[in-house]
Amino acid sequence: MTFALQFLIDVLSLGGAYALMALGLVIVYGILRLVNFAYGELIMVTGYALFLAGGTGLPWLVMAAMAILVAVATGILTEYVAFRPVRAKSVTAVLITSFAFSTLLQNAALLFISPRPRNVPLPPIFSQTVEIAGVVTPMRNLLTIAAAAILLAVFAFLMRRTVLGVAMRAAASNFTMARMLGVPANLVITSAFAISGLLAGVVGILWIGRIGTVVPGIGMEPLLVAFIATVIGGMRSLSGAVLGGFLLAFIDTTLNYTLAQDLLKFRDAFTFGLVILILLWRPQGLLKGPATGQRT
Amino acid sequence: MNRHLLTAVLLSGLVVLLVVATEALGVRVFDRIATNLCVSLVLVIGLQIFMGNSGILSFAHIGFMGVGAYVSALLTIPAQMKGMALPDLYPILQGIQVSPYLAIALAGVAAAVVAAVMSYPLMRLSDAAAVITSFALLVVLHTVMTNWSNVTNGPRTLFGVPKATDLLLAAGVAVAAIVGAVAFKESRTGLLLRASRDDEVAAAALGAHIPHLRWRAFIVAAFFAGVGGALWGHFVTSFSPNAFYLHQTFVILGMLVIGGANTVTGAVVGAFLVTGAFESLRSVEARLNDLKLFNDQVVGLTEIVLALAMIAVLILRPGGLFPSREIGAVLARAFANKKKGAA
Amino acid sequence: MLEVKDLEVRYGAIRAVRGVSMKAEAGQLVALLGANGAGKSSTLMCVAGALRAAAGSIRLMGEDVTSARPEAMVRKGVATVTETRDVFPDLTVSENLLLGSYVHRHDRAGVAADRERMLQLFPRLGERAGQAAGTLSGGEQQMLVIARAMMTRPKLLLLDEPSLGLAPAIVDQIFEMIRVLKSSGLTIVLVEQNVSKALQLADTAYVMRLGRIAAAGTAAEIAATTDLGALYLGG
């Protein structure tokens, strides 16, 4: 029983973080069908913004909000630098510009801050533990679960109940048709990048909260996670991405409990091998995305 | 002269010129830079063979460079050194030691075989699925290199690879790569593949089995990646798996994109330009570090400049400096126009 | 209302539309006829702003709109119903209609009235308001995309093959609705394979062949003078 609860908390907290990461990637992919390789750097930027805010002596929540705002701004900046100027040219060009922008941001952190880890300010709640029914678990895990639940609920509400949300869902399923109904392309795309930045910002704080430091390469793992979860979740489906995140967390947690230590090293090879197999079997991802209605 | 032959001769001539100039100057630093440039040429041209002809972005290329480097190292590290360099090596492999030249060729073959086995089913994917799977392939190869301690020494540096690559060898291989890439581009496979890049349906209607064509290009590309990796390994003599990951991918991709992925000329010019810029910026970085103006070491400046250059090229000149015509064709046309003007 | 002059559309090296000129006067229904691949849909999509014109000009009520983007065309009063019947399959019928009124979203009372009017015209959609649009039948989807296009309050409606692949009884219903829309004063450009039905409703007609206008005239003239059977065999 305690083991089951422990397992559940592990899966839910990891899955919540993974789901937010995947959602942030897929909201851009779904609309533009373009992979944003600079997505992990939104999380890195959040970490450094928090680190820099650490010197100001402001209340922690204000610093965290500022860090998330920086992530939103960087998301929008990605759109203006790496996507908008080459959007019409070719798919490959956009992939390369976003890859280049990712390298640019990482090296900017190397150059202007430091290659070495930097401590970010965290409130004490991140290092406290709590006991629930005999299971001792870090508070930050519960915090992650709560944050993911709230954010996913708010996100679902916005996408279902606001005109812009409905327009974004429509654009994700058939961008041209949405434009032919008067939905402005640029607004939808910029909103998608802003939301992507918001999700990355929140998950960034929770993710960095696990280790307490930020390094220039910190965005790599979230990017890989988002890739896998997105592929599992059907590439273009927003709810699929969330499901993919939890499924991946379930697989990872199970492997953590069952695989021997010397095999665990190869976990990334296993999960990415799985990604390749899934894409071979179903190039659109494991779960069905929205039927496009578009002839391809 | 045939314009394809002209392209191959001119581009090879550029490499010969580099060798002659370097030998004439006799400065050791230039020798190192020129050798590195030739190794980069082999890698960039390899990537051009796949990307330029198929039009599909591949992230896996540098993974095959790693395969080549490790295979060649395994085949050449002297038996008595192996005990130290690779303490967990399988006994069967301990006694093997072949000439580095043979090993470099075998490294190319090994990379090509790995690519052939792993990639065939991937070749029918396009767009984002193709890119994510190639990225996944790079991660898989990297994870294996980092963790298969028996043959790679794990994430630690592998020492004791015999020095075998000099400027002449690297330049020779680079010339072979240039000739190979031009020949591939004009071969039946290359022509059909380029037709499929522009219009998949029309090329399929010509009877082209596109995944099969892509597969051939991918194998040839992996062969050059493996050879390039082995050459590099025998030049630097010690390396770790991180040498074959995103940073190197970024550099090689940058060379190809800036020069122009669709042409061999673009690949060659891109390699020369980026290497030149890189080395100048590196020396600026070193100078700054010597001056100790800043508390920390200055790192990353070079990459920032290359990233900006890549983005600028893709915005202003999406096809790169040589977007569609090879240098041979450009000159042949200019010559023909001049003749017309004279007559 | 609409004036297209020497329009050219290219897909790579292929010229799908080669110098098409046509006109639609206010309140008229203009039929655009021709075999598959004659360039009708390309012409229509170019007017809608979804395809770029390689040459030529498009004027809407005297204004040059040749390079206007699709969302701008909607604001100028052009609504498009595509051949592929593009409902948003995961969105409900209500949400699909709501998107049609995106441009007028701040005029809530007006949008509600528009919606009421459309549900009167297409009662079936009212019954299925909460259902995902992907679950509708082909005929219902066609009604939905027409209703959705009408929610943009167009002055000019572009209809691409509204009867394609539908059962004869449904086709009759669809044409009846087109007649109702026309009688309300709407200008319509109709691309249709069902030549006889289209000519019954049309004021003027253009026949396209291999990317060019092969014949033009009033609907009656076209019906009388053109060998329509040969036309559709591609002759």
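The values are calculated or read from the model by the stated rules, or taken from the named source; none is laboratory data. On a predicted model such as this, the values are computed, not experimentally measured, just so you know. All Cβ positions, even for glycine, are placed from backbone atoms using ideal geometry, and neighbour counts span all protein chains on display.
Within the stretch C:77-102, how many residues are farther than 18 Å from C:Leu144 by Cβ and facing chain A (nearest Cβ under 10 Å)? Full working, then the answer.
First pass over the stretch C:77-102, keeping only residues farther than 18 Å from C:Leu144 by Cβ: C:77-78.
Subset that is facing chain A (nearest Cβ under 10 Å): C:78.
Total satisfying the criteria: 1.
A:Met220 falls short of the stated requirement of being in contact (Cβ under 8 Å) with a residue 60 or more places away in the chain, on the phi < 0 side of the Ramachandran plot and in contact with a strand residue (DSSP E or B) (Cβ under 9 Å, 6 or more places away or on another chain). Would the stretch A:9-29 turn up any residue that is within 14 Å of chain B (Cβ to nearest Cβ), part of a helix (DSSP H, G or I), closer than 20 Å to A:Ala192 by Cα and out of contact with any Phe, Trp or Tyr (no Cβ under 9 Å at 6 or more places or on another chain)? There is at least one residue in the stretch A:9-29 that is within 14 Å of chain B (Cβ to nearest Cβ), part of a helix (DSSP H, G or I), closer than 20 Å to A:Ala192 by Cα and out of contact with any Phe, Trp or Tyr (no Cβ under 9 Å at 6 or more places or on another chain). Within the stretch B:250-271, residues that are among the aromatic types (Phe, Trp, Tyr) reach partners that are not in a loop (DSSP other than H, G, I, E, B) with beta carbons closer than 9 Å, at six or more positions or on different chains, in the pairs B:Phe250/A:Phe99; B:Phe250/A:Ala100; B:Phe250/A:Ser102; B:Phe250/A:Thr103; B:Phe250/B:Glu303; B:Phe250/B:Leu306; B:Phe250/B:Ala307; B:Phe250/B:Met310. Tell me, yes or no, whether the stretch B:41-63 has at least one residue that is of a type in the set (A, V, I, L, M, F, W, C) and in contact with an Asp or Glu (Cβ under 9 Å, 6 or more places away or on another chain). Looking for residues that are of a type in the set (A, V, I, L, M, F, W, C) and in contact with an Asp or Glu (Cβ under 9 Å, 6 or more places away or on another chain), one finds at least one in the stretch B:41-63, hence yes. Comparison of B:Thr152, B:Thr133, B:Thr146 shows that the only residue that is touching a strand residue (DSSP E or B) at 6+ places or on another chain (Cβ under 8 Å) and either within 14 Å of another protein chain (Cβ to nearest Cβ) or at positive phi (or both) is B:Thr152.
Quick grid of which residues meet (1) among the polar types (S, T, N, Q); (2) under 30 Å from B:Thr263 (Cβ atoms):
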| site | (1), (2) |
| --- | --- |
| B:Ser54 | yes, yes |
| B:His61 | no, yes |
| B:Phe64 | no, yes |
| B:Val67 | no, yes |
| B:Thr76 | yes, no |
| B:Met81 | no, no |
| B:Gln97 | yes, no |
| B:Pro100 | no, no |
| B:Val114 | no, yes |
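From the set of residues in the stretch B:277-298 that are under 24 Å from the mean Cα position of the chain (by Cα) and among the aliphatic types (A, V, I, L, M), which is nearest to A:Asn107 (Cα to Cα)? The qualifying residue nearest to A:Asn107 (Cα to Cα) is B:Leu281.
To keep it simple, each residue is scored yes or no on (1) surrounded by 14 or more Cβ atoms within 10 Å (Cβ to Cβ); (2) within 11 Å of chain A (Cβ to nearest Cβ).
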residue	(1), (2)
B:Phe272	yes, no
B:Gly276	no, no
B:Glu279	yes, no
B:Arg287	no, no
B:Leu291	no, no
B:Val298	yes, yes
B:Val305	yes, yes
B:Leu308	yes, yes
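Taken together, A:Ala67, A:Ala82 contain a single residue that is out of contact with any Cys (no Cβ under 9 Å at 6 or more places or on another chain) and at pLDDT 90 or above, which is A:Ala67. Residue count for the stretch B:310-333 under the criterion of being more than 10 Å from every other protein chain (Cβ to nearest Cβ), outside any helix (DSSP H, G or I) and crowded, with 17+ Cβ neighbours inside 10 Å: the result is 4.
All conditions but one from (1) buried (at least 20 other Cβ atoms within 10 Å of the Cβ); (2) farther than 19 Å from B:Asp88 by Cβ; (3) within 8 Å of chain A (Cβ to nearest Cβ) apply to B:Leu141; the one that does not is (3).
Of the helices (runs of 4 or more DSSP H) entirely within the stretch A:48-163, those holding at least 1 residues that are more than 14 Å from chain B (Cβ to nearest Cβ) and surrounded by fewer than 15 Cβ atoms within 10 Å (Cβ to Cβ) occupy A:60-78, A:139-161. Of the helices (runs of 4 or more DSSP H) lying entirely inside the stretch B:31-122, those containing at least 2 residues that are of a type outside the set (A, V, I, L, M) and touching a residue at least 60 places away in the same chain (Cβ under 8 Å) are B:61-76, B:100-119.
For the stretch C:123-235, list the helices (runs of 4 or more DSSP H) that sit wholly inside it and hold at least 3 residues that are surrounded by fewer than 17 Cβ atoms within 10 Å (Cβ to Cβ); which are they?
Working: elements: C:123-127, C:138-150, C:168-183, C:195-201, C:219-225, C:228-232.
In the stretch C:123-235, the matching helices (runs of 4 or more DSSP H) lie at C:123-127, C:168-183, C:219-225, C:228-232.
Can you name every residue in the stretch B:155-180 that is within 14 Å of another protein chain (Cβ to nearest Cβ) and more than 25 Å from B:Ser58 (Cβ to Cβ)? Scanning the stretch B:155-180 gives a single hit, B:Arg156.
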